[in-house]
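Structure, as structure tokens:
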Amino acid sequence: MSLDDAIETVLQKVLRRIRPTEEERAFVEGLMRELEEIARETIEDLGLDVKPYFVGSLAKDTYLAGDHDVDLFLAFPLDTPLEELREEGLRLGKAIAERLDSHEVAYAEHPYVRATYRGVKVDLVPCYDVESWRDVRTAVDRSILHTKWVNEHLNGRNDDVRLLKRFLKGINAYGSEVYVRGFSGYLAEILVIKYGSFLKVLENSDFILRQKVIDPAGWLRREPEPAMKTVKRETEEDKPLIVIDPVDPRRNVAANLSWEKYGRFYFKAHQFLENPSEEFFFPETRKSGSYLAELRRKGTHLVTLVFKVQELVDDLLLPQLERSARGFERALSREGFNVLGWNVGRSSGKAFIMLEVDRRERERVKIKPGPEFFTERGWDFYRKNGKVWLIGKRLYAEKRVKESILEVIEELLKKNAVALGKGIRENVKRAEIVLDYVPKELEDEAYLFLAREKWSLKEQ
């Protein structure tokens, strides 16, 4: 079998698993009709001038089999004051949700209602009824324009989008959330539209990176000023990819995409084209092992902080955990400990920060450089320190310090000497801190982190 035939065989097998069946399509279409009818009736009952729109993958027919989350946007007239949109949008969302199975209020830029209906999640999101990028007033307003643009340009390549989405999920590079920093579904759709197919996107993984700027709607020609501002801003921030939003020249669709996730896509695309396999789309569960054996193999040590956190969504919690881990990395480096890597997350209702370090103890003394001896500060240094000596004209002293890394961390936290995430600072200070040990529920996480299995680009 030729390589092209092998690739096609794999893609057909994958499509059979990810393409919705006719029965599933009928269910989704019926569900959307019912939801639209309920929404329109509720809008009429409340006497509101609001249009319901379906957005997202269901509305574009790019959803994967079994993934039926519904995004129903409630579009208010452009002359609606923002505060009124928030209040009336929430009231309308609740009124619709009361006719569904269950619901709760969630919060993003403004409150919205998250409901369930016939076993499917339904987000009821207020927005403005925009027709142009110039009308956009809130972050969600573009979604209506996104859906319209994709439906106008996809031209039957829906299955190619499904393949790209599933491939990105399989290689752990899907999702633009801040705790993923991968490819959004909309970015996947744009790439398929731009390059023509799933395989063409993979084949162009080098070119996409070299090209850097993708402008599917020609904004650099049509609206050069806002488009160039976008390119300049994103270039200065060293973004791996700049995809000017086809519906808004001020926005980079790939703004949240990290170098790590693009690099992952880059390598995996090459690997698939050389050696096609269904495992790229549906990988086997990562093998597990002993984190203690991994520590012995490497001769390193593991510090883990475990602490309770309030009910923060991952979008808010994970960036604060990452900031805190980087804060520990810098603070411990100043104290003579080398942090070789860190890992953060949430498990069993608690958050954790793992730090792989080069040693568990440091020297009992620290050499403290001082000022030149003949200055006023030199006399202060001489008086304040016990053992003092000269090297050239500069004074030095010996300072006793805590040896154990656990004691050092406790002291750093007590002195507020670690840059921690603002929303979890007090939680981290009350953390349980353990060395070369993790609670049972974190054993697999610790192994995957220490063995670098969590981020490995090569299958062992």
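The values are calculated or read from the model by the stated rules, or taken from the named source; none is laboratory data. As the structure is a prediction and not an experimental result, all values here were calculated from the model. Counting neighbours? That spans all protein chains shown, and the Cβs are built from the backbone with ideal geometry, glycine included.
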Per-region count, region 1-44, residues of a type outside the set (A, V, I, L, M, F, W, C), over 24 Å from ASN158 (Cβ atoms) and surrounded by fewer than 11 Cβ atoms within 10 Å (Cβ to Cβ)
2
Taking region 67-84 and the residues there that are closer than 19 Å to ARG40 by Cβ and of a type outside the set (Phe, Trp, Tyr), the one that is surrounded by the fewest Cβ atoms within 10 Å (Cβ to Cβ) would be PRO77
SER348 vs (1) in contact (Cβ under 8 Å) with a residue 60 or more places away in the chain; (2) touching a strand residue (DSSP E or B) at 6+ places or on another chain (Cβ under 7 Å); (3) polar (S, T, N, Q): all pass except (2)
For region 168-181, which positions are part of a loop (DSSP other than H, G, I, E, B) and either more than 23 Å from VAL313 (Cα to Cα) or not aliphatic (A, V, I, L, M) (or both)?
ILE171, ASN172, GLY175, SER176, GLU177, TYR179, ARG181
Could you tell me which residue of region 265-285 is farthest from PHE207 (Cα to Cα), considering only residues that are polar (S, T, N, Q) and outside any helix (DSSP H, G or I)?
THR285
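Quick check on this structure: which one of VAL418, VAL434 is out of contact with any Gly (no Cβ under 9 Å at 6 or more places or on another chain) and either assigned to a helix (DSSP H, G or I) or in contact (Cβ under 8 Å) with a residue 60 or more places away in the chain (or both)?
Details: VAL418 fails: out of contact with any Gly (no Cβ under 9 Å at 6 or more places or on another chain).
Answer to the selection: VAL434.
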If you check ARG296 against the conditions, is it crowded, with 17+ Cβ neighbours inside 10 Å and assigned to a helix (DSSP H, G or I)?
no
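For every residue, the table says whether it meets (1) out of contact with any Lys or Arg (no Cβ under 7 Å at 6 or more places or on another chain); (2) assigned by TED's automatic domain parsing to the domain that holds ARG296; (3) closer than 30 Å to LEU305 by Cα; (4) modelled with pLDDT under 90.
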residue: VAL344; (1), (2), (3), (4): yes, yes, yes, no
residue: TYR382; (1), (2), (3), (4): yes, no, no, no
residue: VAL388; (1), (2), (3), (4): yes, no, no, no
residue: VAL408; (1), (2), (3), (4): no, yes, yes, no
residue: ASN416; (1), (2), (3), (4): yes, yes, yes, no
residue: ILE424; (1), (2), (3), (4): yes, yes, yes, no
Please return the ranges of helices (runs of 4 or more DSSP H) entirely within region 56-167 where 2 or more residues are in contact with a Lys or Arg (Cβ under 9 Å, 6 or more places away or on another chain).
82-97, 142-153
For residues that are under 29 Å from the mean Cα position of the chain (by Cα) and crowded, with 18+ Cβ neighbours inside 10 Å, scanning just region 91-103, find the one that is modelled with the lowest pLDDT.
HIS103
Just to be sure I understand the filter: pairs with C-beta atoms under 7 Å, separated by 6 or more residues or on different chains, first member in region 36-53 and of a type outside the set (Gly, Ala, Ser), second member at pLDDT 95 or above and surrounded by fewer than 18 Cβ atoms within 10 Å (Cβ to Cβ). Which pairs pass?
ASP49/PRO77; PRO52/GLU36; PRO52/ARG40
Looking at GLU363, GLU311, which is the one that is loosely packed, with under 13 Cβ neighbours inside 10 Å and in contact (Cβ under 8 Å) with a residue 40 or more places away in the chain?
GLU363
Within region 206-219, track down each residue that is in contact (Cβ under 8 Å) with a residue 12 or more places away in the chain, surrounded by fewer than 20 Cβ atoms within 10 Å (Cβ to Cβ) and not in a loop (DSSP other than H, G, I, E, B).
ASP206, LEU209, VAL213, ILE214
